[in-house]
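Notes to accompany the following structure.
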Amino acid sequence: MSKSKNKRRRPSRPRTTSDAPPRPVQSPAELTVPTAGDPGPGDPVGNEGGQIQLLVGLIATGALDDHLGTLQAAISQRHRDCQRTASNQAAARLQIGDRVMLNHDVRPLYLHGATGTVTGWASHNVIVQLDNPTGRFTTGQLRCPPLALQRLPE
């Protein structure tokens, strides 16, 4: 006979993330575009911070609800482009024979801090020969993205 356990969920409690008071939400009528000669409060560099505040305010108040999909797609594409650029720059800094350490971005977690030598390339990934084979990597060879590696000083 099998016993089933009755798992009860605890009622969720609101989480507090900081001791700072919540920021007041402005209505769309209160949001204005600052001019170049009129930096907003706490915006010593000019218009950029004011534009961000305006955009975030419009999103928070729902004024841009009809365009959220477009905004999300544009932000996602820009994020992918930035990641691709960072990966290409990291790959350009690595050469065959370089000593590297696997950083916190690599999985499985037991590889964090493992060291090895770059032995080649497989498409956009770097082939690394580990100094000490570990876990499922019995040959000591693994492929990982360039952003998961930190070049060690010679």
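Structural remarks
- In summary, the stretch 112-154 shows an alpha-carbon radius of gyration equal to 1.09 times the 2.2 N^0.38 Å reference for compact globular proteins.
- Taking every alpha-carbon pair under 8 Å whose residues sit at least 6 apart, the stretch 50-146 reaches a relative contact order of 17 percent.
- A cut-off under 12 angstrom between Cβ atoms defines the neighbours of Pro146, and their net charge, with Lys, Arg +1 and Asp, Glu -1, is +2.
Taken together, the values in this text are just the output of simple stated rules run on the coordinates, not laboratory data. Predicted, not measured: the structure shown is a model, and the values here were computed from it. Using ideal geometry, Cβ is built from the backbone for each residue, glycine included, and neighbour counts are taken over all protein chains shown.
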